[in-house]
Amino acid sequence: MTTGESQTPADDAAGPRRTTSLRRAALAGLAGFGLTVAMYPEAWQPAIGGFALMMALCLLPRRSSRRLRAGDDLRRRQSPLWPDAGTKAVVEAMLEPAFLLDRALLLRYRNGVSERAFGNMTLGDAISLRFRSPELLAAIETCVGEQKAGNADFVEGRASDRFWSVDILPIPAPQGERPSFFLLLFRDRTAERRIERMRTDFVANASHELRTPLASLIGFIETLQGAARDDAVARARFLDIMRDQAARMSRLIDDLLSLSRIEMKRHVAVEGRVDLAEVFAEVQETLAPLAAESALAIEIEAEAGAHVVAGDRDELVQVFSNLVENACKYGESGKRVVMALKRVRGRDGSVIEASVTDFGPGIAAEHVPRLTERFYRVESGGSRARRGTGLGLSIVRNILVRHRARLLVHSVVGQGSTFTARFPVKDVH
């Protein structure tokens, strides 16, 4: 009889017949024992041994049958505690962490993905030994107790916060029976939460950046409508400030739109071919007036040979315009800005390094990792009067990501800063 099968009527009828046969065999053995003792008194000890062996052989099938039936009954009682092979196969095929619990909230199966996500867990242990989130455990208890589906969110706060969403689903049972197992399906929402947080921070920062010049404009307008209405000197000075604040708002809006457009194309491969030497020449000519205002000279140092990369010309002009403009703003004390091009051998083959170097005050090491964050600024002595939007380096980073290039920053306080873009040459066909 296989595990889980019910006993048939034929099995029930066979039980008494087996019992009668065993009794007859036992009586025959007893008669044989008596006859042996009567005929051979000197052999009574071997006779007793033979009789005991005969009785054991006669009774063994009965006891073995009882043990087998008892084992079948035990397995039938325990079978709901463990899922069948088909259920396990379905859970194992899932691409996300999945667990099977019984009604006692004991772990009965887990797939390989769950082990990689949460570590090893012993089958038969309570789920609460691994997960301590009150919200998750309460949701599981409710779903199991009420035999319904549900959902819970929780934060796994080990090495770093990971946000999980858990679907709790009863495994359908035969009609009229309670579900024996419940599926816990985990979905990692960490990336989604981080993106949501970035969007929230972005809106908050953008609102703050727009509010500051807007508040300044409103304040000067109110002043001109009041006490300074007839003051020509004050009016001229206030109008100059208002023009600067309006220009700042315009630059911020332009950068926001530019960043949004670039991020939309971030994962779209570039198809053109761009000579970086030509890009450098265009940037040098365009920003010459800005450099002259700061008494700076923009110099180009390019090694002989071609410096062609796969790219979008307009976007690369924007990259190096932003870098040179920053160098002019924050490195004016160095009197010059150097744009350099050279080919070097990297770990992944030949690369072209395009760098912009200023010789100004430099940037403290603690600021360097955050330079490409949106709205992150490093305030220096002369930067407030020509404060940027805080989006320039974020735009640079996103454009370079699209071009499969890396941005490296090297800065020494008191000596200046170098921003280097490394372009893979193998992408050019």
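The values are calculated or read from the model by the stated rules, or taken from the named source; none is laboratory data. Quick caveat, the model's predicted, so the values are computed rather than measured. Heads up, the Cβs are rebuilt from the backbone with ideal geometry, glycines too, and the neighbour counts pull from every protein chain shown.
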If you go through S411, S380, the only one that is over 18 Å from V317 (Cα atoms), touching a helix residue (DSSP H, G or I) at 6+ places or on another chain (Cβ under 9 Å) and either part of a loop (DSSP other than H, G, I, E, B) or modelled with pLDDT under 90 (or both) is S380
For F375, work out the one condition from (1) loosely packed, with under 15 Cβ neighbours inside 10 Å; (2) out of contact with any strand residue (DSSP E or B) (no Cβ under 7 Å at 6 or more places or on another chain) it doesn't fulfil. (1)
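When the residues of the stretch 196-221 are filtered to those that are more than 18 Å from Y376 (Cα to Cα) and not aromatic (F, W, Y), which remaining residue is modelled with the lowest pLDDT?
So in the stretch 196-221, the residues more than 18 Å from Y376 (Cα to Cα) come out as 196, 214-221.
Narrowing the set further to residues that are not aromatic (F, W, Y) leaves 196, 214-219, 221.
Values: E196: 80, L214: 84, A215: 85, S216: 83, L217: 86, I218: 88, G219: 87, I221: 88.
This residue is E196.
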From the list F182, F202, exactly one residue is part of a helix (DSSP H, G or I), touching a residue at least 40 places away in the same chain (Cβ under 8 Å) and either under 30 Å from G388 (Cβ atoms) or touching a strand residue (DSSP E or B) at 6+ places or on another chain (Cβ under 9 Å) (or both). Which is it? F202
Would you check if there is a residue in the stretch 221-235 being small (G, A, S), part of a helix (DSSP H, G or I) and surrounded by 13 or more Cβ atoms within 10 Å (Cβ to Cβ)? yes
Limited to the stretch 169-186, what total is found for residues that are of a type in the set (V, I, T) and closer than 12 Å to L105 by Cα? 0
Selected residue [touching a residue at least 60 places away in the same chain (Cβ under 8 Å) and within 34 Å of the chain's Cα centre (by Cα)] from V351, V368, V356: V351
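Answer yes or no: is there a residue in the stretch 287-298 that is hydroxyl-bearing (S, T, Y), in a helix (DSSP H, G or I) and over 15 Å from R313 (Cβ atoms).
No, the stretch 287-298 contains no residue that is hydroxyl-bearing (S, T, Y), in a helix (DSSP H, G or I) and over 15 Å from R313 (Cβ atoms).
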Considering residues that are in a helix (DSSP H, G or I), among the acidic types (D, E) and either surrounded by fewer than 18 Cβ atoms within 10 Å (Cβ to Cβ) or at pLDDT 85 or above (or both), the number found within the stretch 236-281 is 5
What number of residues in the stretch 396-408 are in contact with a helix residue (DSSP H, G or I) (Cβ under 7 Å, 6 or more places away or on another chain) and part of a helix (DSSP H, G or I)? 4
Would you call F182 surrounded by 15 or more Cβ atoms within 10 Å (Cβ to Cβ) and touching a Pro at 6+ places or on another chain (Cβ under 6 Å)? yes
In the stretch 108-140, anything of a type in the set (A, V, I, L, M, F, W, C), more than 18 Å from G150 (Cβ to Cβ) and not in a helix (DSSP H, G or I) is listed as M121, L123, A126
Of the numbered conditions (1) crowded, with 17+ Cβ neighbours inside 10 Å; (2) among the hydrophobic types (A, V, I, L, M, F, W, C); (3) more than 30 Å from L257 (Cβ to Cβ), I171 satisfies every one except a single condition; which is it? (1)
Filtering the stretch 127-155 down to residues that are within 17 Å of L183 (Cβ to Cβ) and of a type in the set (A, V, I, L, M), which residue is surrounded by the fewest Cβ atoms within 10 Å (Cβ to Cβ)? A149
